[in-house]
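Structure, as C-alpha cells:
The values are calculated or read from the model by the stated rules, or taken from the named source; none is laboratory data. Since this is a predicted model, take the numbers as computed values, not measurements. Here the Cβ positions follow ideal geometry from the backbone for every residue, glycine too, while neighbour counts run over all protein chains shown. Please note that ligands, DNA and RNA were not included when accessible areas were found on the heavy atoms of the full protein model with its side chains. Shrake-Rupley method; radii C 1.70, N 1.55, O 1.52, S 1.80 Å.
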Amino acid sequence: MKRGASSIEVKKLNRNRVFRYLNSKDRASMPDIAANLGMSGPTVLQIIKELKESQVVREVGVFQSTGGRKAKAIASVQDVCYAVGLDITRNHVSLALTNLSEKALRRQRVREPFVRDDGYFRRLGDLLEDFLDESRTPRERIIGVGLSIPGILGEENCITYSHTLGLDHVAGDEFTRYIPYPCVIVNDANAAAIAECSGMTLNQSVFYLLLSNSVGGAIVFRRDAPAQAEWSVREGISRDIYMGANQRAGEFGHMVIRPEGRACYCGKKGCLDVYCSASVLADRTEGNLERFFRELEEGSPKWREIWEEYTDNLAIAVDNLRMCFDGDVVLGGYVGGYMGPYIEDFRAKCAKRNIFGQSGDYVKACKYRIEASALGAAVCQIERYIDEV
Ligand SMILES: [Zn+2]
C-alpha cells in the first residue's frame, strides 16, 4: 500500500481485489474471500453488497455446509460487458470476442490483405459488425475494441513504425475511423502475451517470444514490479508489461544470435528474425506452415534437418532470455502453436545451454495460436473495465 492513500483509495483498491478474486474463480463464499484476501468479514460483506448493487456480481446458490450455516456462493456476472479484438496482419484480419471471463467466446480469421486505403478501413468496420451480428452480441454491452498491430506504437494511438504493414508514423485513427466503439491500439506481441497470461495469476514473470512472420516479444512482470513510467504505460494495459523508454522493449527479433550471419531487413546481420521467423519454415512448403509440420511429423530426414537447424538457433535466443530474465519463456505465434509435440526435445536443447541447472522446464508452448493477439487486444479493454469496478 503506498503511503498516504486516502480511505477512498483503499476502499476502491479492496473492492477491486475482491472483484478480481471472484472473477478468477467459478464461485466463492464470503468467508473464503475474507480468508484469501486477508480482509475482515464485515469489509467483505460491505464490498459484496456494493458489487451486487453495481450488478457485476450475483448470488449463485449455496455451498455444501460443513457443519454451520451454509455459505452463499457468489460469482461475477461475466456477460455484463463484452469486448472485441481485431488483429491486423499483412494478409489477414483475426477477430475475437470476449467478456469478463477473458476467454475467446468466438473467433474468426478472414483473408484480407492490408492496403492503406479507405476501402480497407471501411471493411474492418464491416467485418466487425458482421462478427457481432453472427455472435448476437448485445451492442450496448460492448465496452470497446482492441486493435492489435504488428509494429511499434507511440503516444496517443500513433503507429510509429511497422515493417510488416509498411507504415511510418501513421495515426491509429485511420484504422478505427469506421469502428463506432472506444478503441485502443496494442502491439501484437504484447497483445498475445496478455492473452497467454489472462486467467493466470501473475505470480511469476513471463517472457513471450512471438514466432510469426516476424519475430517479436513481450516482457510481462509480476504485479509487484515497481510502478514507474516505463511500466505498463499504455492505456488499457493494466498488466505489468515492460514497455521501455521508447515503447520498443521486447523486440527480441533483432537480438543478434549469429554475428556476421545472414542480413536482416533492419540492416544488421544475424538477427533472430532471420533464423526463426515462421517464414523460415513455411518458405520450404510454399508458404504453408501447416504443411511443413505435416511433413516433419511424417519424419523424412530432410524436414528433420531444417527443424533441427531452426530449433538450434531458437535455443540460443531462448537461453539468452533465460540468462537475462530468469523467468519462464513462452513460445508463441504461428510456430509456438505447433511446438506442443516437440517441446520436450526443445527443452533438452535449452537444458544443455542452461549453466544454472539441468532443466529446460522453463520453456513453455503457448496456449493460443493465431487468435492470441486478437484475444489479447480485447482483454486490454476488459482489464480497463475491471480496473474501474
Ligand atoms: Zn534485425
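Go through (1) open to solvent by less than 50 Å² (accessible area, probe 1.4 Å); (2) away from the ligand (no atom under 16 Å from the Cβ); (3) within 30 Å of Gln358 (Cα to Cα) and name the single condition Glu305 misses.
(1)
Search region 11-22 for residues that are at negative phi and open to solvent by 30 Å² or more (accessible area, probe 1.4 Å) and pair each with any residue that is β-branched (Val, Ile, Thr) and not in a helix (DSSP H, G or I) when their beta-carbon atoms are under 9 Å apart and the residues are at least 6 apart or on different chains.
That search, which allows pairs on different chains as well, returns Arg15/Val389; Arg20/Val389.
Which strands (runs of 3 or more DSSP E) sit wholly inside region 42-103 and have at least 1 residues that are over 21 Å from the mean Cα position of the chain (by Cα), modelled with pLDDT under 95 and not assigned by TED's automatic domain parsing to the domain that holds Ser279? So that I can check it myself, show each step before the final result.
Values: elements: 57-62, 72-76, 82-88, 92-99.
Because the criterion is at least 1 residues that are over 21 Å from the mean Cα position of the chain (by Cα), modelled with pLDDT under 95 and not assigned by TED's automatic domain parsing to the domain that holds Ser279, the strands (runs of 3 or more DSSP E) in region 42-103 that meet it are 57-62, 72-76.
Scan region 140-164 and report the pairs whose first residue is assigned to a loop (DSSP other than H, G, I, E, B) and whose second residue is open to solvent by 10 Å² or more (accessible area, probe 1.4 Å) and small (Gly, Ala, Ser), with Cβ atoms within less than 6 Å and a gap of 6+ or a chain change.
Partner pairs satisfying both residue conditions: Thr164/Ser214.
Do we have any residue at all in region 128-135 that's open to solvent by less than 30 Å² (accessible area, probe 1.4 Å), closer than 28 Å to Ser29 by Cβ, assigned by TED's automatic domain parsing to the domain that holds Ile179 and touching a residue at least 24 places away in the same chain (Cβ under 8 Å)?
Within region 128-135 (the criterion being open to solvent by less than 30 Å² (accessible area, probe 1.4 Å), closer than 28 Å to Ser29 by Cβ, assigned by TED's automatic domain parsing to the domain that holds Ile179 and touching a residue at least 24 places away in the same chain (Cβ under 8 Å)), the answer is no, since none of the residues qualifies.
State whether one or more residues within region 107-119 are open to solvent by less than 10 Å² (accessible area, probe 1.4 Å) and not β-branched (Val, Ile, Thr). Quick ask: steps written out before the conclusion?
Step one: list which residues in region 107-119 are open to solvent by less than 10 Å² (accessible area, probe 1.4 Å), which gives none.
Looking through region 107-119, none of the residues is open to solvent by less than 10 Å² (accessible area, probe 1.4 Å) and not β-branched (Val, Ile, Thr).
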